[in-house]
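The values are calculated or read from the model by the stated rules, or taken from the named source; none is laboratory data. Note that this is a predicted model, so its numbers are computed, not measured. For neighbour counting, all protein chains shown are included, and Cβ atoms are generated from backbone atoms with ideal geometry for every residue, glycine included. For the accessible areas, the whole protein counts, side chains as well, though only heavy atoms, and no ligand, DNA or RNA atoms are used. Shrake-Rupley method; radii C 1.70, N 1.55, O 1.52, S 1.80 Å.
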Amino acid sequence: MSKTTKKKTTKRKTSKKQWARVDGRKPDELRPIHIESGVIPNADGSAYIEMGRNKIIAGVYGPREMHPKRFSKPNMGILRCRYHMAPFSVDPRRSPAPSRRDQEISMVMTDAIEPALFLERYPRSVIDVFIEIIEADGGTRCASINAAAVALADAGIPMKDLVSSCAAGKYDGNLILDLGDHEDKKGESDIPVAYLPKIDQVTLLQMEGIMTQEETEKCIELAIEGCKQIYEIQKEALKKKYGMVEGAEEKEEAEEEPEEAPEEEEPAEEAEEE
Amino acid sequence: MSNNIVSRLKRKKITDVIATGKRMDGRELLQYRDWEIKTNFLAKSAGSAEVKLGKTHVVVGVKVGIGHPFEDTPDAGVMMVNAEYTPVAHPTWEPGPPPEDAIELARVVDRGLRAAEIIDMDKLGLVSGEKVQMIFVDLYVLNYDGNLIDACSAGALAALNTAEAQKFKVSKKGEIEKTDKTEKLKLRAHPLSVTVCKMGDSLIVDPTYDEEEVKDGRITITVDENGNLNAIQKRGPIGFTLDEIKKCINIASEKAAEIRAVILAGE
């Protein structure tokens, strides 16, 4: 084991100059991201994200009464995320039944988003977040969290902060940000991270691969930097929908806006759109 | 007894004691309970291990068989890790499909082994695209008193480490024949998980059931013998700061070495 890692590090030093990523990005460059909020008229809040070739829809229903009732908590609300991949989202076709992987991602995603909410405000209720992966291209759990956070804000649910998420990893001896499908599968390691910029906390952290302690720590830092960039894109997406309501001149004001404005403005807005 | 709620009084006591740097059972914050490990005690499985960590009791069985490879890796063997929450292990556990935590347990242990490339899967192919060797690792929980991930990860490593797999012969027609010979599984790495729990401002390892109920969140980190990290899994509805994460990684590296010494000493 130690031999192979040594080989990889030396290789990294020599090849650093001419090394380029599969899709020509810089090591610390994100894939193009497009987020749109309010894409599902029936949902209380929704968002569509394209992150590279990932195409993901997130819809929020609630806070609403919990069904089945026995799962509700008398002192607080429950956040329930469901991550689900469409059968045609990957190659070859996958079964639409939820896999063990889907269930695990749903769990860690719930953990990643919950710290941003005030669930103590909604006893006996549930906030449902449904994620449908229309097309997968590596890093779906991160993209899903980004979409879910925007959808929750779109639903007018008060939040401590938006949750931003991004992966970093090691490919061909280089530490890189926001792994694509190929880099995810063939790379040495992958670390998805979710981050709340305002309170400076990491709420999703997973890792798979082989990396030294130092590299792992660097990767987490790199991913956090990526999350901060995505945070701005998420805010832009919300401003696009709600900006016209109050005119977002100052950034700081705009930050607060999606948290408060939607509750009253949203129904009127959606009617207009249709 | 039959519910999984820790009373408020007990909850407060546990957090108060931990805030003073001690534990309810007298341990230090970063001290494991005593490990008791027995390997190769089952005749019908290729490898087995029984792990007792305090009152937590798990049995890990390794079976080797023949199966179909995955489409994208026609020559590579398949390893599967499954966790079973048996109803004898805890009053709140019931027979039926595996609960979420059992799925996570199996997947986190699996990820640690797989990411460390513990077994060279390419050597387990028999007939390309048709027959490969399968390695099943079953984690069987018999009594639950916290920290299942670490106990199962240690058990899985101990069981794989002593496993003797049956050798197979491929005839000219491409048929698989069993032979009487067995061969030790060659492990390329020895990864172990260490779970660090956050409780208030304190970090502790090896929580008991009560401590697990009270904890805010946890980070499980799998480390191999070269100090490389193989897997991380954060759980719980809280956030960790970067400093806390770095602290957890340091704790894990240190503790994994300690546990490895205990487990590999038993051979």
- Message: I need the calculated FRET efficiency for the pair B:Lys38 and B:Ser202, taking r as the beta carbon distance and R₀ as 35 Å, to the nearest 0.05.
- Response: 0.60
- Query: How high is the relative contact order of chain B, in percent, counting Cα pairs under 8 Å that sit 6 or more residues apart?
  - Reply: 21 percent
- Task: Read phi for every residue in segment A:114-130 and hand back ³J(HN,Hα) as whole Hz from Karplus 6.51 cos²θ - 1.76 cosθ + 1.60, θ = phi - 60°, with x for Gly and Pro.
- Result: 3, x, 8, 9, 10, 5, 5, 7, 10, x, 6, 10, 9, 10, 9, 10, 10
- With point charges of +1 on the Cβ of Lys and Arg and -1 on the Cβ of Asp and Glu, referenced to the Cα centre of segment B:113-267, which listed residue (B:His190, B:Ile259, B:Phe240) lies farthest in the positive direction of the dipole? B:His190
- Label point 7 Å out from B:Thr92 along Cα-to-Cβ: which residues of segment B:182-214 have amide N under 14 Å? B:208-214
- Taking N as the number of residues in chain B, what value does Rg over Cα atoms divided by 2.2 N^0.38 Å take? 1.07
- Between beta-carbons, use under 15 Å as the cut-off and find the net charge around B:Gly77, counting Lys and Arg +1, Asp and Glu -1. -2
- Other chains near B:222-230: what is the mean number of their Cβ atoms within 10 Å of each residue's Cβ? 6
- Message: Check which residues have an amide H placed less than 5 Å from A:Leu117's amide H, if you skip close sequence neighbours.
- Response: A:Lys160
- What is the distance, in nm, between label points placed 7 Å from the Cα along the Cα-to-Cβ direction at B:Val262 and at B:Asp101? 2.1 nm
- Message: What are the ³J(HN,Hα) couplings of segment A:131-146, residue after residue, when phi is run through the Karplus curve with 6.51, -1.76, 1.60 and θ = phi - 60°? Round to Hz, x for glycine and proline.
- Response: 10, 10, 8, 7, 9, 10, 8, x, x, 5, 5, 5, 4, 4, 5, 4
- For peptide A:213-219, how many partner chain Cβ atoms fall within 10 Å of a residue's Cβ, on average? 4
- Note on the structure: Rounded to the nearest 10 Å², the 1.4 Å probe accessible area of B:Thr162 is 20 Å²
- Starting from the amide H of B:Val81, placed 1.01 Å from N in the peptide plane, find each other amide H under 5 Å away whose residue is 5 or more places distant or on another chain. B:Val137
- Cβ-Cβ FRET estimate between A:Ile134 and B:Asp75, R0 fixed at 41 Å, reported to 0.05: 0.80
- Item | Note, ³J(HN,Hα) from phi for segment B:16-29, Karplus 6.51, -1.76, 1.60, rounded to Hz, x at Gly and Pro | 4, 5, 5, 4, 8, x, 10, 10, 4, 8, x, 7, 6, 4
- Can you list residues whose amide H is under 5 Å from B:Ala163's amide H, if they're 5+ apart or on another chain and H is modeled 1.01 Å from N? B:Leu185
- Item | Cβ-derived FRET efficiency at R0 41 Å, A:Glu225 paired with B:Ser253, nearest 0.05 | 0.95
- Per residue of the protein assembly as shown, what 222 nm ellipticity follows from adding -39500 (n - 2.57) for every DSSP H run with n ≥ 4, rounded to the nearest 500? -10500 deg cm²/dmol
- Message: Can you tell me what share of the DSSP beta bridges in the protein assembly as shown is antiparallel? A percent to the nearest 5 is fine.
- Response: 85 percent
- Query: Expressed in nm to one decimal, what extension gain is obtained for the pair A:Lys73 and A:Lys186 from 0.36 nm per residue of sequence separation less their Cα-Cα distance?
  - Reply: 36.4 nm
